[in-house]
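In what follows, a structure is listed as structure tokens, so that the remarks can point back to it.
Read-outs: derived from the displayed coordinates by stated rules, not from any lab. All of these numbers come straight from a predicted model, not from anything done at the bench. Using ideal geometry, Cβ is built from the backbone for each residue, glycine included, and neighbour counts are taken over all protein chains shown.
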Ligand SMILES: Nc1ncnc2c1ncn2[C@@H]1O[C@H](COP(=O)(O)OP(=O)(O)OP(=O)(O)O)[C@@H](O)[C@H]1O
């Protein structure tokens, strides 16, 4: 369970996250949706203790991230798929993290198999494609066999086969009773992956709902999403004349 209580954070006097209170439950995939700049990454960083809230708190299993004894074994996160030393192999990267978190070394081979990187594990991670780096990031998230998974835009850079794989993986992790919180700005992708949706705009909660409830009364899910977020979209292009 992830619990956000009145979570608030401003940058330069502008609210990035504004009084956000949400409970993300175990056993289902919860999609975290909002337009560009709506505060999804900032929220995830606060859950992971990488940013301090100005007000309110984020709890994982009732505890702040900073107070967890073995964070990697409680919360697995994919935030920035490029966050590894490019000269190290994928295997070495995972082995170092396993050693520093008291995770059995055998788990490294297991997660490499799960993400499909066993054959590339001894190659320098700096030579990995975007999709392979994303898979290595997922392997890091899974390494500690955590109860809670937090993934920021996990389908970024993945090809169609990879996207289908990650959908299945997230659903399987939720079916095991884990809490799976996954951000995206793609409502169509979330409709295929998530059971529940938390939608934010300009840092505020717009809806906490299911895919079916959000779509009800609209021609398409996209229409429903645009209607919900239209007043909070900061960045919008214009048509080329
Ligand atoms: N370190 C920072 N310094 C200043 N402003 C920031 C910082 N991090 C985020 N912001 C601002 O906070 C707001 C929310 O940004 P955030 O990255 O959380 O949104 P997001 O929903 O993840 O967006 P996207 O879908 O584009 O990744 C934006 O206006 C952004 O410019």
Report task. Please give the peptides 220-232, 126-138 ranked by average Cβ packing (other Cβ atoms within 10 Å per residue), highest first, as a rough proxy for protection. Result -> 126-138, 220-232
Query raised in the report: Can you give me the pair-distance distribution of segment 7-64, C-alpha pairs, 10 Å bins, whole percents?
Result: 22, 56, 21, 2
Query - Along each principal axis, Cα extent of segment 142-221, largest first, Å - result: 40, 26, 24
Requested in this report: Please say if segment 177-221 is rounded, prolate or oblate, where rounded means a/c under 1.5 for a ≥ b ≥ c the square roots of the C-alpha gyration tensor eigenvalues, and otherwise the choice is prolate for a/b larger than b/c and oblate otherwise?
Outcome: oblate
Report task. Specify the angular offset, from 0 to 90 degrees and rounded to the nearest 10, of the alpha carbon long axis of helix 130-143 from the longest principal axis of the alpha carbons in the chain. Result -> 80
Report summary line: If each part is reduced to its alpha-carbon centroid, segment 22-43 and segment 45-74 end up apart, in Å, by 15
Requested in this report: Taking the chain as the reference, fit the longest principal axis to its C-alpha atoms, fit the long axis of helix 90-100 to the helix C-alpha atoms, and give the angle between the two in degrees, 0 to 90, nearest 10.
Outcome: 90
Report summary line: Tilt, helix 160-175 to longest principal axis of the chain (alpha-carbon atoms), in degrees rounded to tens, equals 90
Report summary line: Only helices counted: for the chain, with every DSSP H run of 4 or more residues adding -39500 (n - 2.57) and the sum spread over all residues, [θ] at 222 nm is -10000 deg cm²/dmol
Report task. Quick one: order 74, 42 by neighbouring beta-carbon count within 10 Å, fewest to most. Result -> 74, 42
Report summary line: Given 20 °C, 1.002 mPa s and a Kirkwood radius over Cα pairs, the Stokes-Einstein diffusion coefficient of the chain in µm²/s is 116
